[in-house]
Amino acid sequence: MFIVKQGFFLRIFLTILIAFVSILGDMGLQNGKSEIVRAVCDNLTHASVGGLTWTLVLLLSKKYVVNNMSSVVICFFMSSFIDIDHFISAGSWDINDATHLNHRPFLHCSTIPVTLWIIMNLISNTLNMPNLITYAWMMLVSFMSHHVRDGNRRGLWFWPFGSTQPIPYYLYLSICMAIPYLVQWIMAWQLSRDIETLSRMNIV
């Protein structure tokens, strides 16, 4: 009973921590005294939220975080690495050029991670590569946690359909906190569906 309660409170703590880190990062982005400070603060926040989100997915999936720390680290850095497209699009390593683009850089298009997630799932099911599904979810979590944070200012960009309206602040925080629960629910559904399919084939 103690372990169950401990796990419950840890999940609540991480859920709140995702919002808390996001708020701190937003404050740093708004109040940073220089362009570089604001950029670093924003990028570290993206990385932290991505890592925390995947950590919570692991806990909700009843997996040991310590045994899966490498996946948390990957999500941390992947959520941060997305911003490299600012420099690629600017054709410059100057922070002012990278943060003053007149268009949204390509890795900030939400169509990309959704399409990659679908392709990776299809390949996994076709070639019987279950680990690829996990990598697909890690990629989607890293991108979408990043995009939702940015969506508070610019909305979500779904090429070729266009962009949504900016996400209201408290809705954006709520979505960030809800992402790990939604991801874990769909992952559990996928697993139960696969087990049922194998059972019908008399493999299980």
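The values are calculated or read from the model by the stated rules, or taken from the named source; none is laboratory data. The shown structure was predicted, so the numbers you read here are calculated from the model rather than taken from an experiment. Note: ideal-geometry Cβ built from the backbone for every residue, glycine included; neighbour counts use all protein chains shown. SASA here: full protein model, heavy atoms, side chains in, ligands and nucleic acids out. Shrake-Rupley method; radii C 1.70, N 1.55, O 1.52, S 1.80 Å.
Using a 10 angstrom Cβ neighbour count of at most 11 plus a DSSP loop assignment to flag exposed trypsin sites (Lys or Arg not before Pro), which longest range of the chain is free of such sites? Don't skip to the answer; put the middle values down first.
On the way: sites that count: 33, 62.
That gives 63-204 as the longest site-free run.
Report relative contact order for region 138-187 in percent, whole number only (criteria: Cα-Cα under 8 Å, sequence separation at least 6). Before the final figure, lay out each step's value.
Values: 40 pairs, mean separation 16.6, N = 50.
Over region 138-187, the number comes to 33 percent.
Looking at the chain from every direction and averaging, what is the projected area of its Cα convex hull in nm²?
Values: hull surface 55.2 nm².
If I average the Cα hull's projected area over directions, I get 13.8 nm².
Pick out which of 45, 15, 115 has the largest mean-square fluctuation in a Gaussian network model of the chain, springs linking Cα atoms closer than 10 Å.
115
Rounded to the nearest 0.05, what FRET efficiency is calculated for residue 9 and residue 97 with R0 set to 45 Å and r the Cβ-Cβ distance?
Working: r = 46 Å, r/R0 = 1.01.
Given R0 = 45 Å and the Cβ-Cβ separation, E is 0.50.
Given the DSSP H assignment, sum -39500 (n - 2.57) over each helix run of at least 4 residues in the chain and divide by its residue total; what's the result at 222 nm in deg cm²/dmol, nearest 500?
On the way: 8 runs with 154 residues, N = 204.
Helices in the chain give a 222 nm mean residue ellipticity of -26000 deg cm²/dmol.
Go ahead and collect, in residue order, the members of region 43-61 whose backbone nitrogen is under 14 Å from a label point 7 Å along the Cα-Cβ direction of residue 134.
Those under the cut-off are 55, 57-59, 61.
Just to confirm, what accessible area per residue do you get for the chain at 1.4 Å probe, in whole Å²? The partial results should precede the final answer.
Numbers: 12040 Å² over 204 residues.
Per-residue value: 59 Å².
Remind me, relative contact order of region 1-156 in percent, using alpha carbon pairs under 8 angstrom and six or more residues apart?
22
Taking only Cα atoms, what is the 0 to 90° angle, nearest 10, from helix 169-200's long axis to the longest principal axis of the chain?
Helix 169-200 and the main axis of the chain meet at about 30 degrees.
Of all the accessible heavy-atom surface of region 49-204, with the other protein chains kept in place and a 1.4 Å probe, what percent is carbon and sulfur? Intermediate values should be presented prior to the final figure.
Working: 6090 of 8930 Å².
Summing carbon and sulfur atoms, their accessible area is 68 percent of the total for region 49-204.
To one decimal place, what Kirkwood hydrodynamic radius in Å is obtained for region 95-204 from all pairs of distinct Cα atoms? Mind dumping the intermediate values first?
On the way: mean 1/r = 0.0630 Å⁻¹.
Mean inverse Cα-Cα distance, inverted, gives 15.9 Å.
Give the share of C-alpha pairs in each 10 angstrom bin for region 1-101, from 0 to the last occupied bin, in whole percents, shortest bins first.
15, 37, 28, 15, 5, 1
Taking only Cα atoms of region 106-166, what ratio of Rg to Rh do you get with Rh as the Kirkwood inverse-distance radius? List each step's numbers first, then the result.
Values: Rg = 13.0 Å, Rh = 12.1 Å.
Looking at region 106-166, the ratio lands at 1.07.
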